[in-house]
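Engineer: I have a structure here, written as structure tokens, and I will follow up with some questions on it.
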Amino acid sequence: MAIQEVLVPDIGSFKDVEIIEVLVNVGDTIAVEDSLITIESDKSSMEIPSPVAGVIKELKVKVGDRISEGSLVVMMEVVGETPHPNPSPSRGEGLEEVPAPQPVAAPPVAPVLSPSPLEGEGLGVRGSSSKLDFSKAYATPSVRKFARELGADLNKVTGSGRKGRITQEDVKAYIKDVMSMGGVPGKSANSGNTLGVAPMPDIDFSQWGAIETVPLSRINKLTGEFLHRNWVHIPHVTQFDQADITDLEAFRKQLNEENAKSGMKITPLVFIMKAVVAGLKAYPRFNSSLDAKGENLIRKSYYNVGVAVDTPDGLVVPVFRDVDKKSIMQLSEELKEMSAKARDKKLKPADMQGGCFSISSLGGIGGTKFTPIVNAPEVAILGVSKSDIQPIWNGKEFAPRLMLPLSLSYDHRVIDGADGARFTTYLAKMLGDIRRLLV
């Protein structure tokens, strides 16, 4: 067996181009037409195939090197008969010149951070120090780039192209299949292993100082898996707005004074619940759900509102049924009872099912804005922050008004931006003049 130099063949207009990927390692057994490296110019990418079969004995290039026709790539121990020593790359099976891929809609992928820039750890894209190893994947540079952008592991994708070549459609099908299972088979939804993304690294934090390991509560675990699934599956958009609740707050305080002896305490939340129901009636798409296949919209004729309750063990969302049929006083009493049940761990599964829309109110804690995660199978959720006095122009002068920040997150597959803005504007109008809730 002879040791042979493998050179860059005639690559046309490619001169002094950068190597963006080395697809082989020393010791690899290579067949004729197997790709050795990937080069990229400012217009396109190209793979350089091997003209001979054999075993890689020595690499003469690395990522970042620049090469031209005749540059030495590898030293190979040749086996069997060899074709022309360095044939020109063709547009056939072994080599393809591929223009930059067209933009395609892709599901959001959470980034995976590596604790240290070690080669081969975590998930990276070209230019980073860590990347998935696609050296054995039979795919063109454009498909490799497409897979990296989506975080898909080509080593797990089955090719449907000629001689098993992986196409963009194969990558899309793989991602769809993984997402339909909620992540990589055998992994929990919160393990960071959706879409073939490498798992989060296991770090020994004690190497930097004293630590304490505190197990997550069951509610924390369930909530984490649920929210992670929703974040991956639902394309979120958040619309921010604010409502003038000066008059509402004055009326609320008056009601509390009138009912002081009975112990009834009315919170702004019950008014927000009633305003939300008015919004659901005005914009029915917000009171709907997608079916499991995402092909049909299921519109609801009932109005059940979930309200997130903060408990020592984590967040729970009891559902208040038929809010449209209940008075402010009834909702206030029910809110008091359900909140107590939540804190005392007495909520039943049925108490947290059947919601149409959710509200997450942080007004009692603080903050100005946040992006709540949609509580699937619902299509929208309202976040409420702390109200504060602001100078608002009334046409003649700046007047102090109590303004309530609103954050509406919604499923962009069902609701577009225009309707999102209309919904928050409608809520602000209802909360700004609660008499409208009677109309």
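Engineer: Looking only at segment 354-411, count how many residues are under 23 Å from Phe226 (Cβ atoms) and among the hydrophobic types (A, V, I, L, M, F, W, C).
Structural biologist: So the answer is 15.
Engineer: Please return the ranges of strands (runs of 3 or more DSSP E) entirely within segment 368-415 where 2 or more residues are without any contact (Cβ under 8 Å) to a residue 12 or more places away in the chain.
Structural biologist: Numbers: elements: 380-384, 388-393, 398-411.
Answer list for segment 368-415: 388-393, 398-411.
Engineer: Scanning for something within 30 Å of Glu225 (Cβ to Cβ), touching a Lys or Arg at 6+ places or on another chain (Cβ under 7 Å) and of a type outside the set (Gly, Ala, Ser), does segment 298-306 turn up at least one residue?
Structural biologist: We begin by selecting, within segment 298-306, every residue within 30 Å of Glu225 (Cβ to Cβ); these are 298-300, 302-306.
Adding the requirement that they be touching a Lys or Arg at 6+ places or on another chain (Cβ under 7 Å) leaves 304.
Retained after the next criterion (residues that are of a type outside the set (Gly, Ala, Ser)): 304.
Scanning segment 298-306 turns up at least one residue that is within 30 Å of Glu225 (Cβ to Cβ), touching a Lys or Arg at 6+ places or on another chain (Cβ under 7 Å) and of a type outside the set (Gly, Ala, Ser).
Residues checked against (1) closer than 17 Å to Phe423 by Cβ; (2) assigned to a helix (DSSP H, G or I); (3) in contact with a Pro (Cβ under 8 Å, 6 or more places away or on another chain):
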{"site": "Ala210", "(1), (2), (3)": "no, no, no"}
{"site": "Val232", "(1), (2), (3)": "no, yes, yes"}
{"site": "Leu269", "(1), (2), (3)": "no, yes, no"}
{"site": "Val276", "(1), (2), (3)": "yes, yes, no"}
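Engineer: Can you name the residue in segment 161-187 that is of a type in the set (D, E, K, R) and more than 24 Å from Asn220 (Cβ to Cβ) and, of all such residues, is modelled with the highest pLDDT? Don't jump to the end; show me each part of the working.
Structural biologist: Restricting attention to segment 161-187, the residues satisfying the condition of being of a type in the set (D, E, K, R) are 162-163, 165, 169-170, 172, 176-177, 187.
Subsequent filtering for residues that are more than 24 Å from Asn220 (Cβ to Cβ) retains 162-163, 165, 169-170, 172, 176-177.
Details: Arg162: 64, Lys163: 62, Arg165: 76, Glu169: 83, Asp170: 86, Lys172: 83, Lys176: 74, Asp177: 74.
Applying the filter and picking the extreme gives Asp170.
Engineer: Also, I was wondering about something else. Quick test of your reading of the structure: Ser289 fulfils all but one of (1) closer than 18 Å to Leu335 by Cβ; (2) touching a Pro at 6+ places or on another chain (Cβ under 7 Å). Name the failing condition by number.
Structural biologist: For Ser289, the failing item is (1).
Engineer: Of all residues in segment 235-266 being hydroxyl-bearing (Ser, Thr, Tyr) and out of contact with any Ser or Thr (no Cβ under 7 Å at 6 or more places or on another chain), which is nearest to Leu408 (Cα to Cα)?
Structural biologist: From segment 235-266, those hydroxyl-bearing (Ser, Thr, Tyr) are 238, 246, 262; that's our starting set.
The next check asks that each one be out of contact with any Ser or Thr (no Cβ under 7 Å at 6 or more places or on another chain); those that pass are 246, 262.
Details: Thr246: 21, Ser262: 35 Å.
Ranking the candidates gives Thr246 first.
Engineer: Does Ser332 qualify as being surrounded by 15 or more Cβ atoms within 10 Å (Cβ to Cβ) and assigned to a helix (DSSP H, G or I)?
Structural biologist: Yes, satisfied.
A quick yes/no check of all residues on (1) modelled with pLDDT under 80; (2) under 14 Å from the mean Cα position of the chain (by Cα):
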| position | (1), (2) |
| --- | --- |
| Gly159 | no, no |
| Ala189 | yes, yes |
| Leu195 | yes, yes |
| Asn230 | no, yes |
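Engineer: Moving on to the next point. Kindly indicate which of Arg218, Arg252 is out of contact with any helix residue (DSSP H, G or I) (no Cβ under 7 Å at 6 or more places or on another chain) and surrounded by 10 or more Cβ atoms within 10 Å (Cβ to Cβ).
Structural biologist: Working: Arg252 fails: out of contact with any helix residue (DSSP H, G or I) (no Cβ under 7 Å at 6 or more places or on another chain).
Just one listed residue meets the conditions, Arg218.
The values are calculated or read from the model by the stated rules, or taken from the named source; none is laboratory data. Computed from a prediction, not measured in an experiment: that's the story for all the values here. We place every Cβ from the backbone using ideal geometry, glycine too, and count neighbours over all the protein chains shown.
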